[in-house]
Amino acid sequence: MQTTTDTGQRAPLRLGQQLKRQKSISSMAREAEDNGGNGKMRRSLGLMQLTMISVGATMGTGILVVLGATVPVAGPAIWISFVLAGVTALFSAFSYAEMAGMVPVSGSSYSYTYATMGEGIAWVCGWCLVLEYAVSVAAVAVGAGEYVNEALHTLGLEIPTALAGGPSEGGVVNLPALIVVLLATLLLARGAKESAIVNTTVVIIKTCILVFFSIVAFTAFDAGNFEPLLPMGAAGVTGAASIVFFSYIGFDAASTAGEEAINPKRDLPKAILLSMIIVTVAYVLVAVSAIGARDWTWFEGTEAALVQIIGELTGQSWIVLLFAIAAVLAIASVVLTVLYGQTRILLTMSRDGLVPAIFSRVSRRTGTPVAGTFITGGIVAITAGFIPLGALAEATSIGTLFAFALVGVSVIYLRRKQPHAPRTYKAPLYPLTPILGIGACLFLMANLSWHTWLVFGIWMMVGVGLYLGYGRSRSRLGALSKAQYIESHTGDS
């Protein structure tokens, strides 16, 4: 409890008290409308654009390369692995959909945990999201050099080694990665609507490419390739499902657009669930057609299996070029949408005082956090172009899964504490779905390597230091008196 000093000033809260302080949903909604006087976000995104944001962040290069690593593990039943992974991700998606409808702001799981578990857990979740978004987008962008070279090879050209990879790959700078991030940054700074139009176009193109692959692959379909269906047993199917699960990460991206959605309470839940359906159907279709076209043993040690299959079936170099271009577009759309999500999460954390105020300044001309976008994009571009990510990129898996689990906990908390609060969407089969989502995330986290956990632990220690050294003393919620804190919760059910 806060006390009063001889000077009449309030003494700071004890650390334990501050960590437990929760931010009310009603105050979040009010703050989103005026952004603390730093400029208001423009509501310009409909259901289609929101859905494509999540699809764009999810359906990246993974499906183009993951079969070579997972078919040898699961055999012809790899399509079942994709279904299992999709259903597992769907449990978390149900929780995200419910929370997005209740808390339609830009902070995603950071805001959800702030409203339920307090500032301490919210900071941990936000710091996990910084790892998930910033580092993963840099890691995805690093693959740009390889695919740009694949496209150029069909034309008899090649990027010089010094410009095709960073120092860890024997080069000087990964120029394609740096350019992709900078272009995405410039586009995001222009406006959310313009970015959404470009992303929607790119997502449609890469979806058409996957459908085109499936059509071509089905022309060589051999049902005998699915016998025996489970050569590696059920353990192989579940093992592969754990690997391909990470191809579904990104469906939560739409939840960062809460303040730019035209009708967030209605459209955000729909966008999250629709994106999961689209991605799962696309993945299963590609997996079935690929196995139908080639015996499962063919995939052992095969890189870019889809490109090889379609090249062999058509014998056309322009098809290979088409797929290489599609891979570059897939990278570009992931970079664009994930970088978008990162800037919006930092905006929300900045509004709460936990990160510098510059991240929450919104341009009156573009309706976007221009300064924060350029700072974030610049750091990510330098990281992708020059810095070896190594185990830090792998640690994004833990951060993502931890954030997913916390959203499931948030759903259970609010169902108990605010059972009559208005909800535009309710997770089905409650409490089974959030519990299953939490359990699945914890199981996958437990199966990650020890060195990944070590790097994640170091990252968390850095985050704790930043909170104690910066965020705690500048927290707007922590600065409220007890009476002000209680008043801020007026309006919550």
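The values are calculated or read from the model by the stated rules, or taken from the named source; none is laboratory data. Not measured: the values here are computed from a predicted model. Here the Cβ positions follow ideal geometry from the backbone for every residue, glycine too, while neighbour counts run over all protein chains shown.
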Item checked: Residue ID - nearest to Ile310 (Cα to Cα), chosen from residues in segment 202-223 that are assigned to a helix (DSSP H, G or I) and of a type in the set (Phe, Trp, Tyr) -> Phe213
Margin query: For the list (1) over 28 Å from Gly478 (Cβ atoms); (2) among the hydrophobic types (A, V, I, L, M, F, W, C); (3) touching a Gly at 6+ places or on another chain (Cβ under 9 Å), I need the number of the one condition that Trp123 fails.
Written below: (1)
Margin query: Given the condition over 28 Å from Gly56 (Cα atoms) and surrounded by fewer than 17 Cβ atoms within 10 Å (Cβ to Cβ), answer yes or no: does some residue in segment 170-177 qualify?
Written below: yes
Next item on the list: Go through segment 342-386 and give me each residue that's basic (Lys, Arg) and either under 30 Å from Leu175 (Cβ atoms) or free of Cβ contacts under 8 Å to residues at least 24 places away in the same chain (or both).
Entry: Arg344, Arg365
Check: Just for segment 411-434: of the residues that are within 23 Å of Trp123 (Cα to Cα) and aliphatic (A, V, I, L, M), which one is modelled with the lowest pLDDT?
Finding: Leu414
Next item on the list: Give Ala115, Ala164, Ala138 a once-over and let me know the one that is crowded, with 22+ Cβ neighbours inside 10 Å and in contact with a strand residue (DSSP E or B) (Cβ under 9 Å, 6 or more places away or on another chain).
Entry: Ala164
Notebook entry, point to check: Looking at this structure, is Gly367 out of contact with any strand residue (DSSP E or B) (no Cβ under 8 Å at 6 or more places or on another chain), assigned to a helix (DSSP H, G or I) and buried (at least 18 other Cβ atoms within 10 Å of the Cβ)?
Noted result: no
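The rows are residues; the columns are (1) free of Cβ contacts under 8 Å to residues at least 24 places away in the same chain; (2) at negative phi; (3) assigned to a helix (DSSP H, G or I).
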position	(1), (2), (3)
Asn225	no, yes, yes
Pro228	no, yes, no
Ala234	yes, yes, yes
Gly239	no, yes, yes
Phe245	no, yes, yes
Ala253	no, yes, yes
Thr256	no, yes, yes
Notebook entry, point to check: Can you name the residue in segment 354-364 that is out of contact with any Leu (no Cβ under 8 Å at 6 or more places or on another chain) and not in a helix (DSSP H, G or I) and, of all such residues, is farthest from Ser136 (Cα to Cα)?
Noted result: Arg364
Margin query: Here are the criteria: (1) assigned to a helix (DSSP H, G or I); (2) farther than 21 Å from Lys265 by Cβ; (3) at pLDDT below 95. Tell me which single one Leu347 does not satisfy.
Written below: (2)
Notebook entry, point to check: Which of the residues that make up segment 409-430 are without any contact (Cβ under 8 Å) to a residue 60 or more places away in the chain and surrounded by 14 or more Cβ atoms within 10 Å (Cβ to Cβ)?
Noted result: Ile412, Arg415, Tyr430
Note to self: For segment 67-80, which positions are at pLDDT below 90, surrounded by 21 or more Cβ atoms within 10 Å (Cβ to Cβ) and within 12 Å of Ala290 (Cα to Cα)?
What the structure shows: Leu67
Check: Of the residues Lys265, Lys206, which single one is under 30 Å from Thr348 (Cβ atoms), surrounded by fewer than 20 Cβ atoms within 10 Å (Cβ to Cβ) and touching a residue at least 40 places away in the same chain (Cβ under 8 Å)?
Finding: Lys265
Note to self: Can you find a residue that is modelled with pLDDT under 90 and charged (D, E, K, R) anywhere in segment 134-148?
What the structure shows: yes
Margin query: Val307 - would you say it is crowded, with 20+ Cβ neighbours inside 10 Å, assigned to a helix (DSSP H, G or I), out of contact with any Gly (no Cβ under 8 Å at 6 or more places or on another chain) and at pLDDT 90 or above?
Written below: no
